[in-house]
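The values are calculated or read from the model by the stated rules, or taken from the named source; none is laboratory data. It should be emphasised that the depicted structure is a prediction, and the values quoted were computed from it without experimental measurement. Here Cβ is always computed from backbone atoms with ideal geometry, including for glycine, and neighbour counts include all displayed protein chains.
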Amino acid sequence: MLAREADAMFWIGRYVERAEATARIVDVQYHSELEGAFPLAQGGEIDPSALWGPILAISGDAKLFTAKHGGDQAERNVLDFFAFSRGNGNSIASCVTRARENARGVREMISSEMYESLNMFFLEVTRWDVDKILASSPHGFFTQVKNASHLFHGISDRTLPIDEARAFMECGMFLERADKTARMLDVKYHILLGSGEVGGTLDQHQWTAVLKSVGAFEAFRKANRFGITPGKVVSFLVRNPAFPSSISFAVTQVDRALRQIGGTKGLPAVNRAERLVGRLRADLAFMTTEEIIAQGLHQFLDQVQVRCIEIGNAISEAYLRY
């Protein structure tokens, strides 16, 4: 398989996952405002920085947003930045456009249904703009994005052979998922520490928002019937090996896909990418939730993000450079 083709498949997986994650995060945060989940500032209005600052931190694009909008975190500016801004490489529109461009370059490796799905995804996003979603329903737009992502992955599961092309796409998808889950947990935890509301009403809203942001709320409640606590949420989203949005599950899937690519299942690691993901997988499997919290949840999650970046770089060095 050519490095150019492998690179395209890897980034299709990452960009589609990133578009869906952004839609989930912004949608949940928008509904938190409607539900009154944030304390009111002086004057009886929600402080925009308290509402939108967290997702700017999660995305890592706070400086870019400030440069574009001068720090004005008005609802319209934030929605446009995350949904449609071409100057923001992580916006939904940018991610879908790049996924489609990569798919166009590997048409012979993916099914026609996959390409048609991505093309329809692109066309649906371009039919919207920030004025349209504010005039109708932000939730409706973000639901369309999530459903389009699910449709693409469902079609891929059904029509894409279990081969190297699929493995590279899954590497990108699950590596992106592990990183995004770690970022959401880290940022929400810092909001609570800064607010002094750990254990209070804001605490419950923020942990619920974390679960909803990764589609884990209902699954979490089925597994934990006696309330939401930070320890339980951390355990579920970091260490649960059976939930698709947990960091542990995502890293395991990256490891599996890399072993398939290298043909090293059951054998010692043959490159840096396999060694890095194997170490992270082992750490997640053998650390307890108590140990994670004791060493500092922020420090642990920050290291997970750093290690995800290192894994991505190592995959690029081993397979994707051309």
For the range 270-287, pairs from a residue that is in the same structural domain as A318 (by TED's automatic domain parsing) to a residue that is among the polar types (S, T, N, Q) and in a helix (DSSP H, G or I), with Cβ under 6 Å and 6 or more apart or across chains, are R281/T252; L284/S248
Exactly one of S111, S117, S136, S156 is at pLDDT 95 or above, out of contact with any Leu (no Cβ under 9 Å at 6 or more places or on another chain) and not assigned by TED's automatic domain parsing to the domain that holds R259, and that residue is S156
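Per-residue answers, yes or no, for (1) surrounded by fewer than 20 Cβ atoms within 10 Å (Cβ to Cβ); (2) over 27 Å from F10 (Cβ atoms):
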{"residue": "K63", "(1), (2)": "yes, no"}
{"residue": "R86", "(1), (2)": "yes, no"}
{"residue": "G105", "(1), (2)": "yes, no"}
{"residue": "I110", "(1), (2)": "no, no"}
{"residue": "M120", "(1), (2)": "yes, no"}
{"residue": "V125", "(1), (2)": "no, no"}
{"residue": "K132", "(1), (2)": "yes, yes"}
{"residue": "F142", "(1), (2)": "no, no"}
Picked from the range 283-295 (must be under 22 Å from the mean Cα position of the chain (by Cα) and of a type outside the set (V, I, T)), the residue nearest to K180 (Cα to Cα) is L284
Residue pairs within 6 Å by beta carbon, gap of at least six or interchain, first lying in the range 141-162 and among the charged types (D, E, K, R), second in a helix (DSSP H, G or I), listed first then second, are K146/E20; K146/A23
Considering residues that are crowded, with 18+ Cβ neighbours inside 10 Å and either part of a helix (DSSP H, G or I) or at pLDDT 80 or above (or both), the number found within the range 1-47 is 27
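The rows are residues; the columns are (1) assigned by TED's automatic domain parsing to the domain that holds F122; (2) over 18 Å from A21 (Cβ atoms); (3) part of a helix (DSSP H, G or I).
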| site | (1), (2), (3) |
| --- | --- |
| F65 | yes, no, yes |
| D72 | yes, yes, no |
| L79 | yes, no, yes |
| E101 | yes, yes, yes |
* **Residue check, L185 crowded, with 22+ Cβ neighbours inside 10 Å, modelled with pLDDT of 90 or more and either more than 17 Å from the chain's Cα centre (by Cα) or of a type outside the set (S, T, Y) (or both)** => no
query: Quick check: is even one residue across the range 252-275 among the basic types (K, R), surrounded by 19 or more Cβ atoms within 10 Å (Cβ to Cβ) and touching a Leu at 6+ places or on another chain (Cβ under 9 Å)?
result: yes
request  = Would you check if S156 is surrounded by 19 or more Cβ atoms within 10 Å (Cβ to Cβ), under 18 Å from the mean Cα position of the chain (by Cα) and of a type outside the set (D, E)?
outcome  = no
Residue hits (the range 84-116; in contact (Cβ under 8 Å) with a residue 60 or more places away in the chain and either out of contact with any helix residue (DSSP H, G or I) (no Cβ under 9 Å at 6 or more places or on another chain) or over 30 Å from D163 (Cβ atoms) (or both)) are S91
Picking from R127, R183, R177, the residue that is of a type in the set (D, E, K, R) and not assigned by TED's automatic domain parsing to the domain that holds G215 would be R127
Worksheet item: Residue check: is H69 modelled with pLDDT under 95 and in contact with a helix residue (DSSP H, G or I) (Cβ under 6 Å, 6 or more places away or on another chain)?
Response: yes
Q) Among the residues of the range 199-218, is any over 19 Å from the mean Cα position of the chain (by Cα), closer than 21 Å to D27 by Cβ, of a type in the set (F, W, Y) and modelled with pLDDT of 90 or more? A) no
